[in-house]
Amino acid sequence: MKKILVPFCLFLVTLAYSQDDLLKSLDSTQTEESYSTATFKALQLVTLQTTKMPAKKEFYFVVSHRFGTVKDGFDSFFGLDNATTKLGGIYGVTDWLAVSLSRHTLNKMYETGLKYRLARQNDNFPLDIVGYSVADINTFLEKDQYPGLEFKHRMTYVQQLLISRKVSEKFSIELVPSFLHKNLYNPDIERDNQFSFGGGGRYKITKRLSVNLEYMHNFDKPDFYKNPLSVGLDVETGGHVFQLIFTNSQSMSESGYLTNASGDWGKGDFFFGFNLYRVF
Amino acid sequence: MEHRWSKRKLIIMKKSFINFFALLLVIVANTSGFAQKLITKSGNIKFQASMPSYEEVAAESKSVSAVLDQTTGDFASLVLIKGFRFKVALMEEHFNENYMESEKFPKATFKGKIEDFDSSKITNSPKNFTLKGDLTIHGKTKAVSVIVKISKAPNGVNAIGTFEAKPEDFDIEIPSLVRKKIADKIKINYNFLLAK
């Protein structure tokens, strides 16, 4: 009869199946999506795009300003008298494709963009990869100045690859190889094809505040322009994302930003501005 | 000689037969114990935190797991925070990122007991029971006691109910800027179709 004792004890043990075990038995029933979310708070890092995509059917309205140079001091109230504006919209066609259109004061520029996700960071893949294709239409050029002007001369194209990684809860980095083609250029001072490489990152100070930094090195730029270096602060307030920025490149169009950085941080010559996003 | 030998063999066989029978009993008891567990992997939890005249703050998860041990009334449930879907994607992102911190606290759980549960008393019309246990959200555990309505369902039971939870009880911070847009008490509805 001793031998019966062993299975009998076994029987008692199984009766003591507790609530904890009940809960543990549920663990295996759930598998989590491992995609990284909120690598960046906004669609833009400072002026560069981030790998964040609008969700399907989501519409973003964007208003951005870059004021005149801070260097002028009180003459232009640190540049605030000379505002340039970008008004635009971005629409998520699907979760991986977004279209955008914006109008810029500077050079009366229209910018159309296509942003498409190629890969997402998850447990098996370390990076978010997004493609960004831009066509800028300069409507400031006039026939009086350029008698041979055709529509194609107004066009500048930019193709970028945005590669990011959410390193930790607070810290994300992004690398951006960028290729630009100008249909109208002055061969004495610049090239029609320009290659830039750079990137940036963000660091969250609090849940709703982050500091962003970005830099692009243009390998084909003329000497008198600088490489764009910008710093920003993201402030998230419910449905809005507000970005305060300082940059040495006043332009908000992708082509202008990369090739026409006129400010010089070393001489206190930089621009204040902000991006404001509203989601619908 | 030969006769005695086979008698010994018979005794050994008899002993091992008893052992075998006991083992069989344990197996049967265990499997019938398992059969007493009702489970779902597609339970439903909805919560509502809207304030009148402000944007709707509500979400739903349709992949909640729950298990009920019919013999004891022990009950447990588990939901992944990232599984809650909002109408507005940005709200969902903020919910995960700023409020629930779902990277740090990926799931909410409940474990407890339905008091005086007796499966033989379950009928097609819902009957009220008291469900007592520990609710864990955002890494913080709180003892709760809620009313659960249980009725008979094909191959099991249907458990539904409503209760309220306060974000501050679970250390979920709501900044003053959005304070008036989010209800003080979050209304939570659950619906579990538990089956064998």
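Read the figures in this text as sums done on the coordinates, not as results from a lab. All values derive from a computational prediction rather than experimental measurement. Here the Cβ positions follow ideal geometry from the backbone for every residue, glycine too, while neighbour counts run over all protein chains shown.
Take each residue of peptide B:61-68, count the partner chain Cβ atoms within 10 Å of its Cβ, and average: the result is 3. Residues considered: A:Asp188, A:Asp75, A:Asp269. Largest GNM mean-square fluctuation over chain A, using C-alpha springs under 10 Å, is found at A:Asp188.
Computed from the Cβ-Cβ distance with R0 of 35 Å, the FRET efficiency linking B:Ser151 to A:Thr29 stands at 0.90. Projecting label points 7 angstrom from Cα along Cα→Cβ for A:Ser76 and A:Leu101 puts them 3.1 nm apart.
Distance from the Cα centroid of segment B:127-155 to that of segment A:27-61 is 34 Å (rounded to whole angstrom).
Each of B:Lys140 and B:Ser120 was given a label point 7 Å from its Cα along the Cα-to-Cβ line. The distance between the two points is 4.4 nm.
Per DSSP H run of at least 4 residues, take -39500 (n - 2.57); add these up for chain A, divide by its residues and hand me the 222 nm value, nearest 500 deg cm²/dmol.
-3000 deg cm²/dmol
Sorting A:Phe280, B:Phe75 by the number of Cβ atoms found within 10 Å of their own Cβ, with the fewest placed first, yields A:Phe280, B:Phe75.
In what order do A:Glu174, B:Glu55, A:Glu142 fall by count of nearby beta-carbon atoms within 10 Å, going from fewest to most? If you can, show how the numbers build up before the last one.
Values: A:Glu174 25, B:Glu55 13, A:Glu142 8.
Exposure proxy ranking, most exposed first: A:Glu142, B:Glu55, A:Glu174.
Could you work out how far apart the two model spin labels at A:Tyr91 and A:Glu190 are, taking each label as a point 7 Å from the Cα in the direction of the beta carbon, and quote it in nm? Those two pseudo-labels are separated by 3.1 nm.
Got a sec? How would B:Ser53, B:Ser151 order by Cβ neighbour count within 10 Å, fewest to most?
Numbers: B:Ser53 6, B:Ser151 14.
Fewest-to-most ranking of B:Ser53, B:Ser151: B:Ser53, B:Ser151.
Computed over segment A:75-154, the P(r) curve from all C-alpha pair distances, binned at 5 Å from the origin, holds 3, 12, 15, 14, 14, 13, 11, 9, 6, 2, 1, 0 percent per bin. For trypsin sites (Lys or Arg not before Pro), the sites in segment B:88-181 that DSSP calls loop and that have at most 11 other Cβ atoms within 10 Å are B:Lys104.
Counting only residues at least eight positions apart within a chain, or on another chain, the aspartates and glutamates with an alpha carbon under 14 Å from that of B:Lys82 are A:Glu32, A:Glu33, B:Glu60, B:Glu92, B:Glu93, B:Glu97, B:Glu101, B:Glu103.
Between B:Asn19, B:Asn128, B:Asn158, the GNM of chain B built on Cα springs shorter than 10 angstrom shows B:Asn19 fluctuating the most.
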